[in-house]
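Only one structure is covered here, and it is reproduced in the block below.
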Amino acid sequence: MIKIIVVEDDKNTQMTIKKILREMDIFKDEEVQVEYFTKYTNELKTMIKDVSEHKIYILDIELETKISGIDIAKFIRENDWESEIVFITNHDKMFETVYRSVYEVFDFIEKFHDLAPKLKKAIKSIFQRNFDNKMFMYKNSNFSLQIYYRSITYIYRDKETRKIIINTEKNQYSIILPLSESLNYLDHRFKMVHRACIVNIDRVESFNWSRGYFILDNGQKIDLLSKKYRKGLEEYYERNI
């Protein structure tokens, strides 16, 4: 269970945030609970003091009460150093005040300046950094294999052995499994980019469709990219950026 707590007293902004969260694909693969507040309450206080689970707090800085978003963030940090805090505000002038007052703020976003893409990007980054414990799990009569999704860079089909090769940051693993079937063992971040290759798009630095290669975030160049799969990948990015 992952909990997102939103404290926002403007109804229109709160509705906007609800819409943004509903649009995010990561919630289809995770059990997420979202709680909404317009001010600091005893219920919110209880949630903050419960440090049994990590949370993402989305806080409006200026609330129409004596207790501001900054005050709430200070109380969070008195009890919880693990959860993430994202501030939203009408005024970029509050930036310095926030960073002088509250330790470990993940992001600061202006309400009326690209709120949707920036909030989506922040939450996606938090999920990848803090909540990404999902694994590729495969088992047959001879052995079992478990690899964190975040460690997998790309998977390709080896013509000679007819096995798929799973590449990670440090190792390679070969198993007997059709490449297309391996998608059933993976999540939304893995996309087919060639008839012989699946890539973890979170680990890609750039695609060069005209020359048929992509570059991973470790600098490795992979010559397995086909224009046939470009449209589907671009549509995915349009929905998630």
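The values are calculated or read from the model by the stated rules, or taken from the named source; none is laboratory data. A quick note: this is a predicted structure, and the numbers were derived from the prediction, not measured. Positions of Cβ are generated from backbone atoms using ideal geometry, with glycine treated the same way; all protein chains shown enter the neighbour counts.
Exactly one residue among Asn208, Asn184, Asn200 is out of contact with any His (no Cβ under 7 Å at 6 or more places or on another chain) and buried (at least 18 other Cβ atoms within 10 Å of the Cβ), and that residue is Asn200. Within the range 147-200, the set of residues being without any contact (Cβ under 8 Å) to a residue 12 or more places away in the chain, within 27 Å of Met24 (Cα to Cα) and more than 21 Å from the chain's Cα centre (by Cα) comprises Glu181 only.
Of the residues screened, Lys191 is one that is under 30 Å from Lys19 (Cα atoms) and assigned to a strand (DSSP E or B).
Inspect the range 145-163 for any residue being among the polar types (S, T, N, Q), surrounded by fewer than 15 Cβ atoms within 10 Å (Cβ to Cβ) and assigned to a loop (DSSP other than H, G, I, E, B) and give the result as yes or no. Looking through the range 145-163, at least one residue is among the polar types (S, T, N, Q), surrounded by fewer than 15 Cβ atoms within 10 Å (Cβ to Cβ) and assigned to a loop (DSSP other than H, G, I, E, B). Does Glu82 satisfy the criteria of being assigned to a loop (DSSP other than H, G, I, E, B), of a type outside the set (Val, Ile, Thr) and within 17 Å of the chain's Cα centre (by Cα)? Answer is yes for this residue.
At pLDDT below 85, within 23 Å of Pro117 (Cβ to Cβ) and under 24 Å from the mean Cα position of the chain (by Cα): is that true of Tyr99 in this structure? Spelling it out, Tyr99 is indeed at pLDDT below 85, within 23 Å of Pro117 (Cβ to Cβ) and under 24 Å from the mean Cα position of the chain (by Cα).
Suppose the filter is in a helix (DSSP H, G or I), over 25 Å from the mean Cα position of the chain (by Cα), at negative phi and surrounded by 12 or more Cβ atoms within 10 Å (Cβ to Cβ); does Lys18 pass it? Answer is no for this residue.
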